[in-house]
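So the structure is just underneath, and the comments pick up after that.
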Amino acid sequence: MQHLYIDRYAGLDSFIHKIDPRIKVITFFIFILYIVLTNPFSYLSFLLYGLVILFLIAISRIPFPFIFKKTLAVIPFVVLIAVFVPFIKRGEVLASYTLGSLRIEFTREGIVLFWAIVIKSYLSILCMILLTSSIKFTSLLKSLEKLKIPKLFIMIASFMYRYSFLIIDEAQRMQRAKKSRAFKNKKGLSAVKMLSNIAGVLFVRSYERAERVYLAMCARGFQGEIKTLDTFSIVPRDIMFLVSIFATLLLIQFV
């Protein structure tokens, strides 16, 4: 089975990978907070944020194509939501169109807000992908647990990550079974009916597999605690990383 693991490059030996997971979570959370709270008109700040993120990606040794390919899976949804902002936000009207009884207006403030949402979202996504790509998923969950994040949130994230691979496995088995029977692709309503049947069978199989996994976990005394062989220890290097990123973000605010 082939899967696209989000922590595919978590085993690299770089400066970013050596930072304590708790420090990395705190650092990137602060980074995202600064990005979100930046004035929408401060394009220079966004440019500097981007340069800092690119520098961190470079020293992490994670391939740039891998990072940017991940962003392409998320950013279309952001654009799809933000595209309505120029029509909703009130302000200086740049253009207006009439479609029957409906009047559509583009405002300057709306366009600025649209680009601000897209840029902020993209930079935040880069931060999150860099974080999740430079740390093992189990270590990420353990660091969240040590930072006193509610266990319910951690368990939901853990199960979503683990069960996604089970669902992919089931879907791949069904795909191979269909090809082995020389099943001809259908079109139109027949294709919709076929996909509906496949989705229904996939749901039933996934539910049954999840139930078996749950019973196995209960039999082994699972109590909601994340187990990992990694040991966490904060050293001066971690503190320097946190302080340097925080100082850089402060300097960008005064540019």
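Things worth noting here:
- When residues of region 92-114 are limited to those that are surrounded by 17 or more Cβ atoms within 10 Å (Cβ to Cβ) and part of a helix (DSSP H, G or I), the one modelled with the lowest pLDDT: GLY110
- Pairs with Cβ under 6 Å, 6+ apart, first in region 27-48 and in a helix (DSSP H, G or I), second of a type in the set (S, T, N, Q): ILE32/SER124; ILE35/SER124; SER45/THR38
- Matching residues, region 229-255, being among the polar types (S, T, N, Q), surrounded by fewer than 12 Cβ atoms within 10 Å (Cβ to Cβ) and part of a helix (DSSP H, G or I): SER244
- Residue identified as at pLDDT 85 or above, within 20 Å of the chain's Cα centre (by Cα), farther than 19 Å from ILE35 by Cα and assigned to a helix (DSSP H, G or I) among LYS142, LYS69, LYS120: LYS69
- Subset of region 1-50 [at pLDDT below 85 and of a type in the set (S, T, N, Q)]: GLN2
- Test: residue in region 51-62 that is in a helix (DSSP H, G or I), basic (Lys, Arg) and at pLDDT 90 or above: no
- Test result for SER206, at pLDDT below 75, over 17 Å from VAL25 (Cβ atoms) and not β-branched (Val, Ile, Thr): yes
- Checked against the criterion of being surrounded by fewer than 17 Cβ atoms within 10 Å (Cβ to Cβ) and within 23 Å of LYS136 (Cβ to Cβ), the candidates ILE53, ILE23, ILE30, ILE57 yield just one match: ILE30.
- Screening VAL74 with (1) within 24 Å of MET160 (Cα to Cα); (2) touching a His at 6+ places or on another chain (Cβ under 9 Å) gives one miss only, at (2).
The values are calculated or read from the model by the stated rules, or taken from the named source; none is laboratory data. Keep in mind it's a predicted model, so treat the numbers as computed, not measured. Virtual Cβ from ideal backbone geometry, glycine too; neighbours counted across all protein chains shown.
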